[in-house]
Structure formats: C-alpha cells, structure tokens
Amino acid sequence: MTDAIASPSALASNRRKIKVPSLWTVLKWIAAISVAVVALFPLWWMFSVVFAEAGVPVAVNPRLYPTSFTDGFAKIWEVFEETGYLRAYYVSIMYTILTIAGVLLISSMAAFEFALFDFPGKNALFAVVMLSLMVPLAVTLIPTYLLVAQLGWVNTMQGLVVPGLASAFGLFMMTQFMQSIPKETLEAGRLEGANHFQLYWYIALPLSKNALITLAILTFMKTWGNFIWPLVVSNTREVYTVSQVINQFNSPFSHTTVDVVMTANFLAAIPPILFFVFFQRWIIEGVQMSGSKG
Amino acid sequence: MSDLQIKDAVKSYGNVDVLHNINLDIESGEFVVLVGPSGCGKSTLLRMISGLEDISGGEMFIDGELVNDVDAAKRGIAMVFQSYALFPHMTVAENMGFSLKLAKAHKSEINEKVRRAAEILQLEKLLERKPSQLSGGQKQRVAIGRAIVRNPKVFLFDEPLSNLDAELRIEMRAELIQLHKQLKTTMIYVTHDQVEAMTLADKMVVLEGGQVQQVGKPLELYDDPSNMFVAGFVGTPRMNFLPAEVVDVSNTTSTLRFAAENGAPEVVLPMTDGKLAIGSKVSVGIRPDHLHFSPAQSGDLAIPIDVAFVEELGDLTYVYVDTKAGTRLSSQKKDGRHNHGTTGYAVADTTSMFIFDADGHRVRA
Ligand SMILES: Nc1ncnc2c1ncn2[C@@H]1O[C@H](COP(=O)(O)OP(=O)(O)OP(=O)(O)O)[C@@H](O)[C@H]1O
Ligand SMILES: [Mg+2]
C-alpha cells in the first residue's frame with residue numbers, strides 16, 4: 001500500500017533527474033546556433049559556388065550544395081594558372097610571418113626595457129609612442145610611402161614588411177604584461193650570472209609567452225587582411241599579396257564570372273581558416289586577455 | 001669561503017640618506033645576522049653587498065678585492081629572497097641549474113651538482129615540478145638549492161623564513177644551522193625577528209635608523225648592550241626602562257631617584273666618579289627576569305605597583321605591573337605560580353641594572 005503511494009512521486013523525481021532545460025538555456029542555444037549559422041553560411045555558400053557546375057549562373061539557379069567537384073578544381077586550377085596566385089600566397093605568407101616575427105621581437109625587446117628598467121626620458125618616450133596610436137593611418141600613409149620610396153624599397157619585401165614592424169599597440173600590450181613580472185625574479189636572474197640579454201631571453205621572454213601568442217594572433221589578423229599598404233607599396237606582380245590579386249578580380253571591367261571571383265576569394269580565405277582551426281584555443285585565450293588587459 | 005669588509009658605506013636615494021657610515025668586518029665562514037626594525041635599511045645593505053644596489057659612498061671588499069664597481073652578476077654572491085624569486089617557467093631542476101647553464105657548464109656536470117644540492121635539501125623527488133606546484137617551505141628549499149649549486153663566495157638571505165608558518169620556521173632555522181655547518185660558507189642573513197637572530201648568528205649586527213648600533217655575539221649584545229636601542233631590541237619580553245634623576249654623587253656611588261613614582265624611591269648604584277652628574281636625567285633598564293614581583297618591600301630597589309595582568313605559561317609566569325606613575329613593567333618568574341594578590345612591589349638588585357644617559361648611550365659603572 002505504501003508502495004502504491006510512493007511510486008508516483010518516485011517517478012516524478014526520476015523524471016526531474018533527466019533535467020528539462022530551462023527556457024534560458026534554450027534561448028542561449030538558439031542564439032549561439034543562429035550566430036554560428038550566420039557566420040558559417042557565407043563560407044558554405046562560397047564553397048558551394050566554387051564547386052558548382054561551370055556555366056550555370058548561380059544567380060539564376062542558386063543551390064545550397066556543391067554540384068561538381070571537377071568543375072571546382074578546374075576553377076581553382078584556372079585561378080592558379082592565370083593570376084600568379086601561388087606567388088601571391090608566397091608573398092602574403094612571407095609578409096605575415098616576417099611581420100609577426102619582427103613585431104614580436106621588437107615589441108618584446110622594447111617592452112622589456114620600458115616595463116622593467118629605468119632610463120632617462122622613459123615616460124616621455126612611452127607617451128610619444130602611445131600618442132602615435134591615436135594618429136590615423138590616412139595621416140601616416142603618404143609620409144611612410146615617401147620614406148620607403150627614398151630608401152628604394154618600393155616593390156620589395158622589406159618595403160612591405162619593415163614599416164609595420166614598430167607596433168605601438170604591440171609595445172603597449174607587451175609592456176603592460178611585462179610589468180607584472182616581479183623585479184625580484186630578474187634580480188635573482190642577474191645574481192645567477194645572467195647578462196642583460198640573457199635576462200630578456202631566458203626570463204622575460206618565456207614568462208611573456210601568453211602575451212606573445214596573443215600579439216602574434218592579432219598581428220596575423222591585421223597583416224593577412226591588410227590591403228592599403230600593399231596596394232600602395234607593391235605595384236608589380238612579383239610582390240602582389242593575396243588581397244591585391246583578389247582586387248584584380250573585382251575590377252569593374254574584368255570579364256571573369258562570379259564563380260571564378262568566388263574561387264579567388266575562397267583560396268584567400270583558406271589560410272586564415274586553417275590558422276583559426278589550429279590556434280583556436282590560444283585565440284580564445286588571447287582575445288580574453290587582450291580584452292581584459294585593455 | 002670569503003671574507004667581506006665594508007668601510008664607511010653610505011647609501012642615499014636622491015638626498016635621503018638611508019644608510020650612514022656602515023663599517024662591518026665579516027670573517028670567512030661566519031654566519032652574520034643583520035637585525036633591526038622595519039625600514040632600518042637591512043635589505044638595502046644586503047642589496048648593496050649583492051651588487052643589486054650601487055654604493056653611494058665608501059668601499060666594499062670581498063677577499064680583499066674592491067668590488068664597488070663589480071657587476072652583481074660577477075660578484076659570486078648568491079641571494080635568497082623573501083619572495084623566493086624562483087623562475088616560474090622552469091622546473092625545480094632548471095631553476096637550480098640555471099647559473100651553471102649560463103656559465104655553459106656541461107649537462108652532466110649540471111645534473112650532478114643539482115642532484116647533490118637536491119640531496120642536501122631533500123628535494124630529489126621534486127626536481128621535475130614547477131615552482132607553482134610546491135609548498136612555501138619547498139620553494140624556500142629550492143631557492144636555497146639554487147644558491148648552493150653555484151658554490152658562491154657569500155650567501156645572502158633576506159628574511160627567508162618570514163613567509164612560513166611558525167613551526168616550519170623553527171624547522172628551517174635548524175636546517176639552516178646544519179647547512180652552514182656543512183658548507184662553511186660565509187652567510188649574511190637579514191631578519192627583524194630577534195629570536196631568529198639570536199639562534200642563528202655567530203655575529204649579530206643591530207641596525208637602526210641606517211646606522212650600525214652594535215656588533216657582537218648574540219649573548220654579548222644581550223648581556224652588555226651599548227645603548228638603549230640594543231638593550232630594548234634584544235631579548236623578549238623587552239627590557240623595562242624607568243626614567244630617573246641623579247640626585248647625589250660620591251666617589252664610588254651615584255644615587256638615582258625615581259621622582260614620579262610614589263614615595264620617590266631611590267637607589268644607590270656603584271658608579272665611578274664623574275660618569276654621572278647631579279641633576280642629569282637617566283634611564284634605568286632592568287630585564288624582566290631580573291625584576292620580581294614581591295608582596296613586601298625588599299632588594300635594592302622596590303617600586304610600589306599594581307598588578308595589571310598575569311600570563312601563566314606553566315613553566316614561566318609573566319607578571320605585568322603598572323607603577324604609580326603609569327609605567328607598564330614586565331617581570332618574569334621561573335618557578336611557582338602567581339598567587340600574591342594585586343598590589344605589592346617590583347624589586348630589583350643594582351647588579352642587574354643598566355644605566356643609559358639622556359641620549360640613550362650606556363653608562364657603565
Ligand atoms: N628605491 C628607494 N627609494 C627611496 N627610498 C628607499 C628605496 N628603497 C628603500 N628606501 C628606503 O630605505 C629605507 C630602508 O629600506 P629597507 O628596505 O632597507 O628596510 P628594511 O630594513 O629591509 O625593512 P623591512 O624589515 O621592512 O624589510 C626605508 O626607509 C625605505 O623607505
Ligand atoms: Mg627588507
């Protein structure tokens with residue numbers, strides 16, 4: 001008899017364990033999925049346009065799935081053949097790698113001095129660098145170009161890379177980070193016999209790993225997609241970056257069809273996508289950190 | 001093993017003098033403890049020795065060689081910081097072997113030396129851990145190990161135990177004494193804990209206001225302090241000080257009156273003529289173990305008092321009393337318990353009194 005009374009409530013409590021998601025959770029999931037769809041759809045659209053049967057205008061007959069892989073690869077091959085895209089890949093990748101390496105090296109070395117040592121005029125110098133953060137690109141573009149031109153660096157890799165190496169933002173971020181390294185840690189290093197460079201190399205640099213990764217990611221994003229500076233400084237095919245090659249496709253008098261333009265864009269999107277897939281964890285950490293560190 | 005001389009060393013930040021005319025002679029293999037209240041310049045002096053701070057004036061010699069301008073990295077001095085200052089990105093073994101790696105020592109030599117230091121400090125099982133995975137005491141050991149591995153000329157310690165709990169502190173203290181016996185390296189140790197100083201030091205240096213107050217064996221400082229600061233700083237509970245005035249002087253004695261006290265008690269001290277002048281103000285210092293609570297008047301000096309409170313620790317009893325003039329005195333009883341009521345006399349013999357002049361200098365009989 002007691003069983004008969006107890007069982008319905010036991011059932012009820014059992015059912016509660018399966019945990020019906022609250023309205024809030026459902027809404028959160030809906031929001032997250034919507035954002036994901038919005039973010040992924042263009043990529044998918046691009047993909048299906050590239051791998052669509054050639055000659056069937058997408059605008060007339062839109063499809064949401066790839067219809068011909070052979071035609072897609074043919075288009076990719078066409079783009080590679082006709083535009084020096086491989087060369088542009090090489091230029092863009094070198095441009096990005098060299099810029100990242102240079103920005104990390106220069107920012108961290110400068111930040112090491114600014115954050116951990118005193119020297120005359122330190123605050124004034126730092127203020128000047130920070131002020132430069134407020135100067136818009138439009139103001140510096142022409143003087144920088146003239147300087148690079150004077151150096152004879154137009155249409156060279158160094159012309160592309162060097163002006164971007166002194167990153168005020170990088171210095172600011174690394175300085176903020178290195179200020180949190182206790183002075184005593186460096187003093188201990190010094191007593192252990194480390195010279196100035198060894199303090200930087202063996203102590204400050206490894207301790208700033210997270211900040212360096214963040215800065216590398218931010219620099220990647222900025223450099224890979226950079227358009228204006230390459231446009232100004234590299235005017236020959238030899239030093240075109242990916243974004244410039246794409247720009248050629250967009251020119252109003254080009255006779256290529258939409259799906260070929262889309263192929264060029266698709267190829268340009270692949271490296272950043274790979275980058276994000278591989279470095280996802282650090283990117284999230286990095287964005288969180290740069291967010292909280294200002 | 002190295003000796004160290006400091007001659008007239010001065011340190012100033014801008015126009016603020018933090019250390020004045022420091023003179024110190026440290027012999028090879030000595031365990032020297034610098035003590036003093038917070039802000040007296042202990043760390044500054046230690047950092048000057050290490051080379052992390054430069055010397056504003058005066059000279060410093062290690063093994064007879066002038067080191068004023070020798071860089072910290074080249075002095076052959078190891079320092080253990082209060083915060084340990086371990087390298088957080090390196091394992092214990094890497095921390096300890098860092099200096100050897102910088103010196104381009106061979107891998108096998110580094111491993112061997114690290115292993116030996118780890119053995120001395122019982123760190124063998126922790127060698128692969130990162131500092132964040134260690135307890136405070138273990139970090140402390142690693143910091144010491146990092147210093148040992150280098151076989152430095154001089155070891156410096158800046159309050160190395162102050163972040164540890166009381167029990168561990170006592171344990172580490174014993175280990176440090178053991179370590180010093182084993183290595184026989186010159187060690188300079190900073191603390192503001194005078195018990196730590198008394199137990200560790202071969203030679204104790206009391207610093208105050210950027211000046212060396214007295215240097216000597218711990219018991220010398222306890223038995224024969226040369227000024228009021230040292231007398232008050234060394235020994236717990238603190239020495240009692242009572243203000244008094246010289247009222248009479250003869251060839252062999254001086255008479256002091258405790259004017260503000262009830263009945264203005266007087267005491268006649270053996271004192272060479274000319275050391276004290278009639279009318280001069282002095283302070284009389286009496287250690288708690290020489291000041292006794294007595295229900296009745298007795299001894300050379302008896303000051304009427306009220307008992308303020310009593311701390312009974314079993315083997316020891318501290319009786320805190322207030323004189324009629326309001327001075328709080330502490331007295332210590334070795335035997336028995338306190339069961340003598342709430343008023344009586346604080347009594348002491350002249351043999352256990354220290355006399356200090358108005359400037360705090362000791363006046364010896
Ligand atoms: N960089 C500096 N600039 C100016 N004054 C300083 C500087 N460093 C220390 N001082 C001053 O020097 C004095 C001695 O400091 P120090 O750190 O040597 O004291 P300490 O005896 O080690 O004290 P504690 O026991 O609190 O560690 C203090 O009054 C301090 O304010
Ligand atoms: Mg200190």
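Taken about its Cα centre, chain A carries a charge dipole of roughly 880 debye when the Cβ of each Lys and Arg holds +1 and the Cβ of each Asp and Glu holds -1. Take the Cα of residue B:25, step 7 Å toward its Cβ, do the same at residue B:297, and the gap between the two points is 5.1 nm.
Taking a straight line from the alpha carbon of residue B:333, these aspartates and glutamates sit under 13 Å away, with near neighbours fewer than eight places off in the same chain left out: B:289, B:311, B:312, B:315. In segment B:4-233, a dipole from Cβ-located charges (positive for Lys and Arg, negative for Asp and Glu) runs towards its positive end, and of B:210, B:60, B:225 it is B:60 whose Cα lies farthest in that direction.
Probe radius 1.4 Å, ligands and nucleic acids left out: which of B:187, A:94 has the largest accessible area, and how do the rest follow?
On the way: B:187 0, A:94 60 Å².
Sorted by accessible area, descending: A:94, B:187.
For the protein assembly as shown, the Stokes-Einstein estimate of translational diffusion at 10 °C and a viscosity of 1.306 mPa s comes to 49 µm²/s, using the Kirkwood hydrodynamic radius over alpha-carbon pairs. Annotation note: chymotrypsin sites (Phe, Trp or Tyr not before Pro) in segment A:17-126 located in DSSP loop regions with a Cβ neighbour count of at most 13 within 10 Å are A:117. In chain A, Cα pairs under 8 Å separated by at least six residues give a relative contact order of 25 percent. Peptide A:178-189 has a mean of 5 when you count, residue by residue, the C-beta atoms of other protein chains within 10 Å of its C-beta.
Membrane-span-like helices in chain A, defined purely by DSSP H runs whose alpha carbon atoms cover 20 Å or more axially and whose average Kyte-Doolittle hydropathy reaches 1.6, are A:23-50, A:258-278. Assuming R0 = 35 Å, can you tell me the calculated FRET efficiency for the pair residue A:125 and residue A:276, based on Cβ-Cβ distance, to the nearest 0.05? It comes out at approximately 0.45. Working from the Cα coordinates of segment B:163-251, the gyration tensor eigenvalues give, after taking √(5λ), semi-axes of 32, 15, 11 Å in decreasing order. Farthest towards the positive end of the charge dipole of the protein assembly as shown, among the residues A:144, A:248, B:355, is the Cα of A:248, using unit charges on the Cβ of Lys, Arg, Asp and Glu. Cross-link pairs exceeding 23 Å between alpha carbons, from the set B:101/B:139; B:184/B:217; A:209/B:101; B:11/B:42; B:42/B:334: B:42/B:334. Dividing the summed -39500 (n - 2.57) terms of all DSSP H runs of n ≥ 4 by the residue count of chain B sets its mean residue ellipticity at 222 nm at -7000 deg cm²/dmol.
Seen against the Cα atoms of chain B and their longest principal axis, helix B:166-183 is set at about 60 degrees.
Look at the dipole of chain A built from charges on Cβ: of A:168, A:74, A:267, the Cα furthest out on the positive end belongs to A:168. For segment B:140-214 and segment A:157-192, what is the separation of their C-alpha centers, rounded to whole Å? So the separation of the two Cα centres works out to 36 Å.
The trypsin sites (Lys or Arg not before Pro) of segment B:46-154 meeting both criteria, a DSSP state outside H, G, I, E and B (loop) and at most 14 other C-beta atoms within 10 angstrom of the site's C-beta, are B:104.
Once you average over the residues of B:76-83, how many Cβ atoms of partner chains fall within 10 Å of each Cβ?
The mean count of partner-chain Cβ atoms within 10 Å per residue comes to 3.
Per residue of A:191-201, other chain Cβ atoms within 10 Å of the residue Cβ number 6 on average. Once the C-beta distance of residue B:174 and residue B:69 is scaled by a Förster radius of 35 Å, the resulting FRET efficiency is 0.35 to the nearest 0.05. Taking all Cα-Cα distances within segment B:76-148, those exceeding 18 Å account for 29%.
For chain A, the alpha carbon positions stretch 89, 66, 33 Å along the principal axes, listed from largest to smallest.
Taking only the Cα atoms of segment B:40-87, the radius of gyration and Dmax are 11.4, 34 Å. Seen against the Cα atoms of chain B and their longest principal axis, helix B:107-120 is set at about 30 degrees. Only Lys, Arg, Asp and Glu carry charge here, each on its Cβ (+1 for the first two, -1 for the last two); on that basis the protein assembly as shown has a dipole of about 2500 debye about its Cα centre. Placing dummy labels 7 Å off each Cα toward the beta-carbon, the span from residue A:166 to residue B:309 is 6.7 nm. Per-peptide packing, taken as the mean over residues of other Cβ atoms within 10 Å, places B:53-66, A:212-225 in the sequence A:212-225, B:53-66 from highest down.
Counted by Cβ distance under 15 Å from residue B:196, the other residues give a net charge of -4, where Lys and Arg count +1 and Asp and Glu count -1. Across segment B:35-42, rounded Karplus estimates of 3J(HN,Hα) from the backbone phi angles (6.51 cos²θ - 1.76 cosθ + 1.60, θ = phi - 60°) give 10, x, x, 4, x, 7, x, 5 Hz, Gly and Pro being marked x. The charge dipole of segment B:240-363, taken about its Cα centre with unit charges on the Cβ atoms of Lys, Arg (+1), Asp and Glu (-1) only, comes to about 60 debye.
FRET efficiency for the pair residue A:201 and residue A:25, taken as 1/(1 + (r/R0)^6) with r the Cβ-Cβ distance and R0 = 56 Å, rounds to 0.70. Taking only alpha carbon atoms, chain B gives an Rg to Rh ratio of 1.07, where Rh is the Kirkwood radius. Loop-located trypsin sites (Lys or Arg not before Pro) across segment B:273-365 with a Cβ neighbour count of 16 or fewer within 10 Å are B:275, B:324, B:334, B:337, B:364, with loop assigned by DSSP.
The values are calculated or read from the model by the stated rules, or taken from the named source; none is laboratory data. In this text the structure is predicted, and so the values were computed from the model without any measurement. With ideal geometry, Cβ positions are generated from the backbone for all residues, glycine too; neighbour counts draw on all protein chains shown. Areas reflect the complete protein model, heavy atoms only, side chains present, ligands, DNA and RNA absent. Shrake-Rupley method; radii C 1.70, N 1.55, O 1.52, S 1.80 Å.
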